[in-house]
Amino acid sequence: MNQNIRWQEVLNKRAIGIDKCDLGKVEQINDDIIITKKGLINKTRYLMPKKLVDRFDGNMLYFKIMKAEARQFRQNALIQ
């Protein structure tokens, strides 16, 4: 994980994986977890470990994970 990331700047930014998979927008940041939300109608939330963050370029947060691997962190639910 990149220790130089200013986490407050990551909120509401887009998150993507290695294979350009869309992980939604960063909604919340905790000590070890980053929560993203994707979708307008069928919303999906990802609870991604911070240790999987590769970098932040000011616009996007990049994770060291592929779409198939991200499924284990996905939560499909009625999210408001």
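The values are calculated or read from the model by the stated rules, or taken from the named source; none is laboratory data. These numbers come from a predicted model, not from an experiment. Note that we place each Cβ from the backbone using ideal geometry, even for glycine, and neighbour counts take in every protein chain shown.
If you check N12, N42, which single one turns out to be assigned to a loop (DSSP other than H, G, I, E, B) and either on the phi > 0 side of the Ramachandran plot or in contact with a Ser or Thr (Cβ under 7 Å, 6 or more places away or on another chain) (or both)?
The unique qualifying residue is N12.
Can you spot a residue in region 25-34 that is surrounded by 14 or more Cβ atoms within 10 Å (Cβ to Cβ) and acidic (D, E)?
Checked region 25-34: at least one residue is surrounded by 14 or more Cβ atoms within 10 Å (Cβ to Cβ) and acidic (D, E).
Name the one entry in N12, N42 that is surrounded by fewer than 13 Cβ atoms within 10 Å (Cβ to Cβ) and touching an Asp or Glu at 6+ places or on another chain (Cβ under 9 Å).
When all the criteria are applied, what remains is N12.
Would it be correct to say that Q80 is assigned to a loop (DSSP other than H, G, I, E, B), modelled with pLDDT under 95 and not aliphatic (A, V, I, L, M)?
For Q80, the condition - assigned to a loop (DSSP other than H, G, I, E, B), modelled with pLDDT under 95 and not aliphatic (A, V, I, L, M) - is met.
Specify which of the listed residues (I18, I65) is buried (at least 16 other Cβ atoms within 10 Å of the Cβ) and assigned to a loop (DSSP other than H, G, I, E, B).
One residue alone meets the criteria, I65.
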